[in-house]
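What follows is a short report on a single structure.
The values are calculated or read from the model by the stated rules, or taken from the named source; none is laboratory data. What you are looking at is a predicted structure, and each value in this text was computed from that prediction instead of being measured. Here the Cβ is made from the backbone with ideal geometry for all residues, glycine too, and neighbour counts use every protein chain on show.
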Amino acid sequence: MSGTGKSTAEARANLAFVKYWGRADPTLNIPLNGSISMTLDGLVTSTTVEFRKGLARDGLVLNGEVAGERERVRVAKHLERMRRIAGEQRFAHMESVNAFPKSAGLASSASAFAALTVAAADALGLEKSREELSAIARLGSGSASRSLFGGFVEWKPGKDHDSSIAVPVAPRDHMDVVDVVVLVETAEKRVGSSEGHDLTGTSPYMDARLAHIPARLDKVREAILARDFDTLGSESEREAIEFHTVAMTSTPSLLYWLPETLRFLHAVRTWREDGVRVWMTLDAGPNPHLLVPRADVTRLLARVKSLGYEGARVIVAGVGEGPRVVGKHLF
Ligand code: DP6
């Protein structure tokens, strides 16, 4: 091992314009379709990993509290894969801090597994490219593969471990898109994405969704490259509705929407008629993600406030940078 055995990295969550929903290989997290996202500024997870002699197992502290067994085991499994690659024997102590509410449909697993992968690789002295680290992060959480890059990112579904990787589409400063996240609910969601991915085969609409995803990926990628905000927004909104149609029509039915979610879907239509360039998407949760060009953020926030949401209930995230190793450890 050439690393120092201890490292800290930070990584950001991402918001998918075309969603990952359903997998061809549940063990390797090979998705049924490609996806495209933007990395989110400010929605940061910082993680310190230290491999130590004398530990009986991997330990995890999340936001200052000892993690539950389910989370600890998921993270320990990921670390075990990296230990095997590096030929490391020691267990590790890990501490992780999220700068945003966990499991509120903000893809905190993406920033978490991206930060963990980068920190552990550095601690273990693994010489890997960002693409290779993206494949490793994917094994922990599919969407984490995309958080290995800043800016606009595409996850190519691939056919096996090495080919299922994320690649950059455009850098952070290419287009100033803002994601205004409205926390209509901050409680942990009852059905996580992992369970949802396994149910897609039960929806009669999944085949229809998959049939036109390649064309949608082309459209969204081209819209980003052309800085065509309205096409990017309208495709993202249609995509979110289609993805939730599959979720709702799975068995059992996954109904992530709350009355407030629908209220915002209607509101954005009205706001657009009034000239605000806003489109809405959703992850596997009820919280609206409102996509706006930077120039329209102030007007949008006034509208959001008129529906009763301001302060800590609203997160404004621009396009963020990729993960990096930082010098300051959490412990
Ligand atoms: C709806 O990456 O959270 O946010 O691989 O089981 O961790 P796991 O799933 P996850 O799924 C993300 C689903 C989504 C869409 C997306 O981000 O592409």
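Mind checking which residues of segment 19-38 are surrounded by fewer than 18 Cβ atoms within 10 Å (Cβ to Cβ) and of a type in the set (S, T, N, Q)? Scanning segment 19-38 gives a single hit, Thr27.
For segment 239-284, filtered to residues that are in contact (Cβ under 8 Å) with a residue 12 or more places away in the chain and among the basic types (Lys, Arg), the residue that is farthest from the ligand (Cβ to nearest atom) is Arg277. Comparison of Asp173, Asp179 shows that the only residue that is closer than 23 Å to Leu43 by Cβ, modelled with pLDDT of 95 or more, part of a helix (DSSP H, G or I) and of a type in the set (Asp, Glu) is Asp173. Within the bounds of segment 153-171, is there any residue that is out of contact with any helix residue (DSSP H, G or I) (no Cβ under 8 Å at 6 or more places or on another chain), over 25 Å from Val314 (Cβ atoms) and within 14 Å of the ligand (Cβ to nearest atom)? Within segment 153-171, one or more residues are out of contact with any helix residue (DSSP H, G or I) (no Cβ under 8 Å at 6 or more places or on another chain), over 25 Å from Val314 (Cβ atoms) and within 14 Å of the ligand (Cβ to nearest atom).
Among the residues of segment 1-18 satisfying the criterion of being away from the ligand (no atom under 12 Å from the Cβ) and at pLDDT 95 or above, which is surrounded by the most Cβ atoms within 10 Å (Cβ to Cβ)?
Ala11
In segment 1-111, counting only strands (runs of 3 or more DSSP E) that sit wholly within it, the ones holding 3 or more residues that are closer than 16 Å to Ala121 by Cα and among the hydroxyl-bearing types (Ser, Thr, Tyr) span 35-52.
Within segment 19-59, restricting attention to residues that are within 16 Å of the ligand (Cβ to nearest atom) and free of Cβ contacts under 8 Å to residues at least 40 places away in the same chain, the residue that is nearest to Arg81 (Cα to Cα) is Thr27.
Could you please let me know if Thr48 is farther than 30 Å from Arg209 by Cα and touching a strand residue (DSSP E or B) at 6+ places or on another chain (Cβ under 8 Å)? When the stated conditions are applied, Thr48 passes them. Please verify whether Ser109 is of a type in the set (S, T, N, Q) and either touching a strand residue (DSSP E or B) at 6+ places or on another chain (Cβ under 7 Å) or farther than 29 Å from Leu300 by Cβ (or both), treating the condition exactly as stated. In short, no.
Return the pairs, sorted by first residue and then second, in which the second residue is among the aromatic types (Phe, Trp, Tyr) and within 13 Å of the ligand (Cβ to nearest atom), the first residue lies in segment 117-140 and is in contact (Cβ under 8 Å) with a residue 12 or more places away in the chain, the beta carbons are less than 6 Å apart, and the residues are 6+ apart or on different chains. That search, which allows pairs on different chains as well, returns Ala137/Phe113; Gly140/Phe113. Looking only at residues in segment 195-232 that are without any contact (Cβ under 8 Å) to a residue 24 or more places away in the chain and of a type in the set (Gly, Ala, Ser), the one that is surrounded by the most Cβ atoms within 10 Å (Cβ to Cβ) is Ala223. For segment 90-103, does any single residue satisfy the condition of being of a type in the set (D, E, K, R), away from the ligand (no atom under 16 Å from the Cβ) and buried (at least 21 other Cβ atoms within 10 Å of the Cβ)? No, that holds for no residue.
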